[in-house]
Amino acid sequence: MNKGASSTIFNDTFLLETKLANTLYHSYAASLPIIDYHNHLSPKAIAKNTSYDTLTDIWLTGDHYKYRAMRACGVPEKYISGSATKEQKFLAWAECLPQTLRNPLFHWSHMELKNSFGINEYLHKSNALAIYKKANKLLQKKSLSTRGILSSYKVELVGTTDDPCDNLQFHRQLSKESYVTKVLPTFRPDKVFQINDKVSFIQYLTALETAANCKIKTIADLLNALEQRVHYFHEQGCRIADHGLTQMPSSIFLTTELEMEFTQFLQNKKATFFTAPDQFTGVVLLALSKMYFKKGWVQQFHLGPIRNNNTNLQKKLGLDAGADSIGDYPQAKSLAQFLNTLDSTGQLAKTILYNSNPADNEVFATMCGNFNEGGIRGKVQFGSAWWFLDQKDGIEKQLNAIATMGLVSTFVGMTTDSRSILSYARHEYFRRVICNLFAKDMMAGLLPNDEKWVGEIVKNISYFNAKEYFNV
């Protein structure tokens, strides 16, 4: 392996196969700001403008993508999430990275090193310690604090992911500062759907009662509490809701039997909510979606993954330890019923649908087309390639599905969905992929060879569509 800095693939033409692709990217997409409307960044880290002591802190800790790769390389857990020192963990990762060829981690990791630290060489065992020390020294600069990195990427919007019980103190702090980057909360009520775990569910309702300052004894009480939290979030600038589900619930209508069972469940007369947990989710989710419409929010649905498959790993490390995968759940029928129910009463908010299974690309792309309407450009969106799909192949397939089944020109583009402040390199990655894809079609005679015409579409997908859609 040639390890010299001058030999890396991460140059101006990376992912850009032709001169035309290069022109589209550098003239139309590269300099645009970023609207990252869905991520898992810490609002506290932004409010406090957190600085990081080591490359391990900012780059490895909690990154389940890297954790999975390290486990696949046979690295002992001690050097992944365990008791090893930060330096030892970094060196273990550096030894793995050369083995990630053709995995998106190889691209993302080197782009992150180059963009934020100016390190344009392949990371490997021999140069790992020198890179670690150099990056750690650079991390002491203000330009590599949390806000410094957001500024360097020209991030206009950070849409965090927040539980309904959160008091949003750091969002309020940022709002008072008039911080140049908008850091807005996203309403993520997933825990209220976990009724199959009675202990955790009851604990969560207790927290929700405190946050909403009310008692929850019935489904009506629960919906009232959630509506109060929706209103509170709205006052703090929230305009987006998000939900992580395996699939949309198949039953969404409230019945007397469901109301009775819920009351008995809370009164401890039933050990489990065994009759209709799917229906409970459907009733609550439908009511929430109507609240979002009333507030003028955008609602997002991330559908399809099967989570926490490795129970041994979950016992040791807890949830989200890197043992999730693509699920093969049926999607179309329940999704159509849910959207149609809202649309039939004129209460369907702007909606973004994300799938984790590439086999469902065309299903999701065509579903979006069923519920668009005049006056709102791209009202129902097939969201950006997500999780296991947010790499070159997955992005291209998702874009092709939108273009074939709908209008790619109205697409709101990339979002990082990441916990890492360094992951804004993925917006560059995405923009390079779309520019190369459009240029290929132009060169093949499938699109007009009109740089300005296509360039405007590229600009819209990269930035302007999202700016309009989310009313930033």
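Bear in mind these aren't lab numbers, they're just calculated from the coordinates by the rules spelled out. It should be emphasised that the depicted structure is a prediction, and the values quoted were computed from it without experimental measurement. No Cβ is skipped: glycine too gets one built from the backbone with ideal geometry, and neighbour counts run over all protein chains shown.
Does anyone have the angle between helix 219-235 and the longest principal axis of the chain? Alpha-carbon axes, 0 to 90°, nearest 10?
40 degrees
The chain: D in µm²/s via Stokes-Einstein (Kirkwood Rh, Cα pairs, 10 °C, 1.306 mPa s)?
67 µm²/s
Over what distance in Å are the Cα centres of segment 24-44 and segment 83-135 separated?
After rounding, the separation between the Cα centres reads 23 Å.
Over segment 52-141, calculate the relative contact order: mean separation of alpha carbon pairs under 8 Å at least 6 apart, over the residue count, as a percent.
Across segment 52-141, relative contact order equals 35 percent.
For the chain, what does -39500 (n - 2.57) per DSSP helix run (n ≥ 4), summed and divided by total residues, give at 222 nm, in deg cm²/dmol to the nearest 500?
-13500 deg cm²/dmol
Angle check, please: helix 104-117 long axis (alpha carbons) against the longest principal axis of the chain (alpha carbons), in degrees 0 to 90, nearest 10.
70 degrees
Can you grab the distance from the C-alpha centre of segment 273-292 to the C-alpha centre of segment 196-220, Å, no decimals?
Rounded to whole Å, the Cα centres lie 15 Å apart.
As a footprinting exposure proxy, order Glu112, Glu362 by other Cβ within 10 Å, with the fewest listed first.
Glu362, Glu112
May I ask you to list the lysines whose Cα is less than 23 Å away from that of Lys44, ignoring any residue fewer than eight positions away on the same chain?
Lys86, Lys141, Lys142, Lys154, Lys176, Lys182, Lys191
At a Cα cut-off below 14 Å, give the aspartates and glutamates reachable from Lys134, other chains included and same-chain residues fewer than 8 away excluded.
Those aspartates and glutamates meeting the cut-off are Asp53, Glu87, Glu121.
Sort 158-171, 217-230, 323-336 by packing, meaning the average of other beta carbons within 10 Å per residue, with the highest value first.
158-171, 217-230, 323-336
Starting from the Cα gyration tensor of segment 1-158, take the square roots of the eigenvalues, sort them a ≥ b ≥ c, and report rounded, prolate or oblate (rounded when a/c is under 1.5, otherwise prolate if a/b is larger than b/c, else oblate).
oblate
Contour minus end-to-end for Ala336 and Ala207, with contour as 0.36 nm per residue of separation and end-to-end as the Cα-Cα distance?
This chain segment gains 43.1 nm when fully extended.
As an exercise, use a Förster radius of 41 Å and the Cβ-Cβ distance of His26 and Gln267 to find the FRET efficiency, rounded to the nearest 0.05.
Approximately 0.05, to the nearest 0.05.
When the chain is fully extended, how far beyond the present Cα-Cα distance does His64 get from Lys48, taking 0.36 nm per residue of separation?
Extra length available between His64 and Lys48 comes to 3.3 nm.
So what are the ³J(HN,Hα) numbers for segment 135-152, from phi and the Karplus equation (6.51, -1.76, 1.60; θ = phi - 60°), rounded to whole Hz, Gly and Pro as x?
5, 4, 5, 5, 5, 7, 7, 4, 5, 10, 6, 4, 6, x, 5, 4, 5, 5
With a 10 Å Cβ neighbour count serving as the proxy for reagent exposure, in which order, fewest first, do Trp453, Trp108 appear?
The fewest-first ordering by Cβ neighbours comes to Trp453, Trp108.
How much length would be gained if the chain were fully extended between Asn372 and Arg172, taking 0.36 nm per residue of separation minus their Cα-Cα distance, in nm to one decimal?
My answer for the length gained is 68.6 nm.
Would you please report the Å³ per residue occupied by the convex hull of the alpha carbon atoms in segment 52-141?
In segment 52-141, the Cα convex hull volume per residue is 84 Å³.
What FRET efficiency would be calculated for the residue pair Lys134, Asn196, taking the C-beta separation as r and a Förster radius of 56 Å, to the nearest 0.05?
According to the calculation, E is roughly 0.70.
With angles folded into 0 to 90 degrees, how steeply does helix 198-212 sit against the dominant principal axis of the chain? Use alpha carbons for both and round to 10.
Helix 198-212 and the main axis of the chain meet at about 90 degrees.
Positive end of the charge dipole of the chain (Lys, Arg +1 and Asp, Glu -1 on Cβ, about the Cα centre): tell me which of Thr275, Ile195, Leu348 has its Cα farthest that way.
Ile195
List the aspartates and glutamates whose Cα sits under 17 Å from the Cα of Lys379, skipping any in the same chain fewer than 8 residues away.
Straight-distance partners of Lys379: Asp242, Asp343, Glu468.
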